[in-house]
Amino acid sequence: MKERCVILLSGLCVITLLFLYRTYNPLESNLFPKCIFFKYTGYLCPGCGSQRAIHYLLNIDVLSAIKQNVLVVLFLPYLFMVALSKIFPNKLLKLNRVRKSPRFIQITLWVILGFWLLRNIL
(Lines give C-alpha, C1' and ligand atoms only; values in the text may rest on other atoms or scores of the structure.)
Protein backbone atom coordinates (compact mmCIF):
# COMPACT_ATOMS: atom_id res chain seq x y z
CA MET A 1 0.00 0.00 0.00
CA LYS A 2 2.79 2.41 0.93
CA GLU A 3 4.60 1.69 -2.35
CA ARG A 4 1.46 2.47 -4.35
CA CYS A 5 1.05 5.78 -2.53
CA VAL A 6 4.65 6.71 -3.32
CA ILE A 7 4.15 5.84 -7.00
CA LEU A 8 0.88 7.78 -7.11
CA LEU A 9 2.39 10.87 -5.46
CA SER A 10 5.45 10.66 -7.70
CA GLY A 11 3.20 10.47 -10.74
CA LEU A 12 1.20 13.50 -9.60
CA CYS A 13 4.40 15.47 -9.04
CA VAL A 14 5.67 14.57 -12.51
CA ILE A 15 2.36 15.53 -14.13
CA THR A 16 2.37 18.85 -12.25
CA LEU A 17 5.95 19.59 -13.30
CA LEU A 18 5.22 18.66 -16.91
CA PHE A 19 2.22 21.01 -16.89
CA LEU A 20 4.32 23.86 -15.44
CA TYR A 21 7.20 23.32 -17.88
CA ARG A 22 4.84 23.12 -20.84
CA THR A 23 2.86 26.20 -19.83
CA TYR A 24 5.59 28.57 -18.61
CA ASN A 25 8.83 29.35 -20.43
CA PRO A 26 11.70 29.30 -17.90
CA LEU A 27 13.24 32.29 -19.72
CA GLU A 28 10.20 34.42 -18.96
CA SER A 29 9.19 33.13 -15.54
CA ASN A 30 10.70 33.52 -12.08
CA LEU A 31 8.96 30.29 -11.10
CA PHE A 32 12.02 28.23 -12.10
CA PRO A 33 15.45 28.27 -10.42
CA LYS A 34 18.39 29.87 -12.20
CA CYS A 35 21.83 28.25 -12.49
CA ILE A 36 24.05 29.25 -9.56
CA PHE A 37 27.19 27.99 -11.33
CA PHE A 38 26.53 30.28 -14.30
CA LYS A 39 25.62 33.18 -12.04
CA TYR A 40 28.97 33.09 -10.23
CA THR A 41 31.35 31.91 -12.96
CA GLY A 42 29.79 33.00 -16.23
CA TYR A 43 30.34 29.47 -17.59
CA LEU A 44 27.60 27.07 -18.63
CA CYS A 45 27.22 23.89 -16.60
CA PRO A 46 26.05 20.63 -18.23
CA GLY A 47 22.52 21.36 -17.01
CA CYS A 48 22.28 24.94 -18.25
CA GLY A 49 19.42 25.21 -20.69
CA SER A 50 17.82 21.95 -19.58
CA GLN A 51 14.68 23.64 -18.23
CA ARG A 52 14.26 25.55 -21.48
CA ALA A 53 14.95 22.38 -23.48
CA ILE A 54 12.24 20.53 -21.56
CA HIS A 55 9.84 23.43 -22.16
CA TYR A 56 10.52 23.33 -25.90
CA LEU A 57 10.24 19.53 -26.06
CA LEU A 58 6.87 19.64 -24.32
CA ASN A 59 5.77 22.20 -26.88
CA ILE A 60 7.07 20.00 -29.72
CA ASP A 61 9.89 22.33 -30.77
CA VAL A 62 12.75 19.83 -30.95
CA LEU A 63 15.18 22.13 -32.78
CA SER A 64 14.90 24.83 -30.10
CA ALA A 65 15.32 22.17 -27.42
CA ILE A 66 18.52 20.93 -29.07
CA LYS A 67 19.83 24.50 -29.25
CA GLN A 68 19.24 24.94 -25.51
CA ASN A 69 20.80 21.66 -24.31
CA VAL A 70 21.45 18.80 -26.71
CA LEU A 71 22.50 16.52 -23.85
CA VAL A 72 19.04 16.67 -22.28
CA VAL A 73 17.43 15.76 -25.60
CA LEU A 74 19.82 12.82 -26.05
CA PHE A 75 19.49 11.55 -22.47
CA LEU A 76 15.69 11.87 -22.21
CA PRO A 77 14.93 8.39 -23.60
CA TYR A 78 17.45 6.94 -21.15
CA LEU A 79 15.87 8.80 -18.22
CA PHE A 80 12.45 7.57 -19.31
CA MET A 81 13.72 3.98 -19.32
CA VAL A 82 15.24 4.44 -15.86
CA ALA A 83 11.88 5.67 -14.56
CA LEU A 84 10.17 2.66 -16.11
CA SER A 85 12.75 0.33 -14.58
CA LYS A 86 11.91 1.75 -11.15
CA ILE A 87 8.21 1.11 -11.71
CA PHE A 88 8.69 -2.32 -13.34
CA PRO A 89 12.00 -3.60 -11.92
CA ASN A 90 11.53 -7.22 -13.01
CA LYS A 91 10.71 -6.33 -16.62
CA LEU A 92 13.87 -4.33 -17.36
CA LEU A 93 16.57 -6.32 -15.58
CA LYS A 94 19.08 -6.07 -18.43
CA LEU A 95 18.76 -2.26 -18.53
CA ASN A 96 19.32 -2.11 -14.78
CA ARG A 97 22.47 -4.23 -15.06
CA VAL A 98 23.84 -2.13 -17.92
CA ARG A 99 23.16 1.26 -16.35
CA LYS A 100 24.71 0.20 -13.03
CA SER A 101 27.86 -1.20 -14.63
CA PRO A 102 31.10 0.71 -13.89
CA ARG A 103 31.87 1.02 -17.62
CA PHE A 104 28.51 2.63 -18.42
CA ILE A 105 28.88 5.04 -15.51
CA GLN A 106 32.39 6.02 -16.68
CA ILE A 107 31.21 6.59 -20.24
CA THR A 108 28.30 8.70 -19.03
CA LEU A 109 30.61 10.78 -16.84
CA TRP A 110 33.04 11.38 -19.74
CA VAL A 111 30.19 12.37 -22.07
CA ILE A 112 28.89 14.89 -19.52
CA LEU A 113 32.37 16.30 -18.80
CA GLY A 114 33.16 16.51 -22.52
CA PHE A 115 29.88 18.29 -23.19
CA TRP A 116 30.59 20.70 -20.33
CA LEU A 117 34.01 21.55 -21.68
CA LEU A 118 33.00 21.82 -25.34
CA ARG A 119 29.98 24.05 -24.75
CA ASN A 120 32.20 26.56 -22.96
CA ILE A 121 35.05 26.68 -25.50
CA LEU A 122 33.07 26.57 -28.75
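The values are calculated or read from the model by the stated rules, or taken from the named source; none is laboratory data. This is a predicted model, so every value here is computed, not measured. In this analysis, Cβ positions are derived from the backbone assuming ideal geometry, glycine residues included, and neighbour counts consider all displayed protein chains. Surface areas here come from the heavy atoms of the whole protein model, side chains and all, with no ligands, DNA or RNA. Shrake-Rupley method; radii C 1.70, N 1.55, O 1.52, S 1.80 Å.
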Return yes when Gln51 is in a helix (DSSP H, G or I), open to solvent by 70 Å² or more (accessible area, probe 1.4 Å) and at pLDDT 90 or above and no when it is not. no
With respect to Phe75, determine if the residue is free of Cβ contacts under 8 Å to residues at least 12 places away in the same chain, within 18 Å of the chain's Cα centre (by Cα) and loosely packed, with under 15 Cβ neighbours inside 10 Å. no
Restrict the check to the range 75-90 and report whether at least one residue is part of a loop (DSSP other than H, G, I, E, B), farther than 27 Å from Ile7 by Cα and touching a helix residue (DSSP H, G or I) at 6+ places or on another chain (Cβ under 8 Å). no
Identify, by number, the condition in (1) surrounded by fewer than 14 Cβ atoms within 10 Å (Cβ to Cβ); (2) under 12 Å from the mean Cα position of the chain (by Cα); (3) of a type in the set (D, E, K, R) that Lys86 doesn't meet. (2)
Matching residues, the range 54-72, being surrounded by 14 or more Cβ atoms within 10 Å (Cβ to Cβ), in a helix (DSSP H, G or I) and not polar (S, T, N, Q): Ile54, His55, Tyr56, Leu57, Leu58, Ala65, Ile66, Lys67, Val70, Leu71, Val72
